[in-house]
């Protein structure tokens, strides 16, 4: 049996919904292909359940704004907007994924899921060697986690249709870049392969 984890990156209202803080920080940006992305993620979750994979959800969340975080240092507007605040609308899951099974929830204060030591501990304890990744933003948190996982020796898989960002050009460029660190495949190829 393959030891695989499905990692669903940052499918939280901060990014997904118009009243989320990311949209307040970047009012001129909006996510592309949202319906396709959500449909693909739901199919991946069903596949993961069927295959017995571990399912990990990540989210950006701050308990306080006094925490040491590269995001807070680079983007003071996060604190000003009280963005990603624990218990707030921003950190709620996208409605369609709220009731999805979650073996682990990783709260992070930076881009890569691996910046929370609990994530690596969970993977090692469960002898997971392969990670299938999906979510948002393709060119930021998804790509950062893929690069980090590759550097740590994990076999990384990226599902094209199950990621999104705010520009088709950036989405394609990020997927192309991640080919250096992961197998970047279509949803159907992933379902047929794993």
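Coordinate-derived values only; no laboratory data. Because the structure is a prediction, the values reported are computed rather than measured. In this analysis, Cβ positions are derived from the backbone assuming ideal geometry, glycine residues included, and neighbour counts consider all displayed protein chains.
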What is the angle, in °, between the Cα long axis of helix 168-178 and the longest principal axis of the Cα atoms in the chain? Nearest 10 is fine, range 0 to 90.
50 degrees
Helix 34-51 versus the longest principal axis of the chain: what angle, 0 to 90°, nearest 10, using Cα atoms?
50 degrees
Could you work out the equivalent-ellipsoid semi-axes for region 1-74, taking the square root of 5 times each eigenvalue of the Cα gyration tensor, largest first, in whole Å?
28, 19, 8
Could you tell me the relative contact order of region 1-155? Use alpha-carbon pairs under 8 Å, at least six residues apart, and round to a whole percent.
35 percent
Helical mean residue ellipticity (222 nm; -39500 (n - 2.57) per DSSP H run of 4+; nearest 500) of the chain
-10000 deg cm²/dmol
When 154, 122 are ranked with the fewest other C-beta atoms within 10 Å first, the list becomes 122, 154
Distance histogram in 10 Å bins (all Cα pairs of region 4-193, percent per bin)
9, 40, 38, 12, 1
